[in-house]
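Colleague: Once you've had a glance at the structure underneath, I'll fire off some questions.
The values are calculated or read from the model by the stated rules, or taken from the named source; none is laboratory data. Since we're looking at a predicted model, the values are computed, not measured. Ideal geometry is used to build each Cβ from the backbone, glycine not excepted, and the neighbour counts take in all protein chains shown.
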Amino acid sequence: MRIRYQLALGLLGLGILFQVLRSLYFIYLSMGQKNICPRCGAIYINKSKRRGLGDLLYHLFGCIPYRCTVCELRFHRPRVQ
Ligand SMILES: [Zn+2]
């Protein structure tokens, strides 16, 4: 029972870690570029509405949510000048 609990907790941790790494990867990809979607490279991205705790955390680090109008990917990146 205890082992199963730890396993579930471990999987949850891995999931969160994966999400964080994925976000960092997208931020890394979009650094130094202008308004470009990190997945498909389209230039058509719009600011997305902020929602939830996740977006608030990103906001603390100066990142805001964007959505690609081509592939619908929602990602965070530093504010575009
Ligand atoms: Zn895209």
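Residues are listed down the side, and each one gets a yes or a no for (1) modelled with pLDDT under 85; (2) within 13 Å of the ligand (Cβ to nearest atom):
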residue: Leu14; (1), (2): no, no
residue: Tyr28; (1), (2): yes, no
residue: Gly32; (1), (2): yes, no
residue: Asn46; (1), (2): no, yes
residue: Gly52; (1), (2): no, no
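Colleague: Name the strands (runs of 3 or more DSSP E) wholly inside the chain in which the number of residues that are under 13 Å from the mean Cα position of the chain (by Cα) is 2 or more.
Modeller: 63-68, 74-78
Colleague: Every residue in segment 39-66 that is touching a residue at least 24 places away in the same chain (Cβ under 8 Å) and among the small types (Gly, Ala, Ser), please.
Modeller: Answer for segment 39-66, where residues must be touching a residue at least 24 places away in the same chain (Cβ under 8 Å) and among the small types (Gly, Ala, Ser): Ala42, Ser48.
Colleague: Restricting attention to segment 34-44, which residues are under 13 Å from Phe75 (Cβ atoms) and modelled with pLDDT of 85 or more?
Modeller: Within segment 34-44, Cys37, Arg39, Cys40, Gly41, Ala42 meet the criteria.
Colleague: Please specify each residue of segment 47-64 satisfying the condition of being more than 16 Å from Leu21 (Cα to Cα) and either of a type in the set (A, V, I, L, M) or surrounded by 11 or more Cβ atoms within 10 Å (Cβ to Cβ) (or both).
Modeller: Listed by number, the residues that qualify are Lys47, Ser48, Arg50, Leu53, Leu56, His59, Leu60, Ile64.
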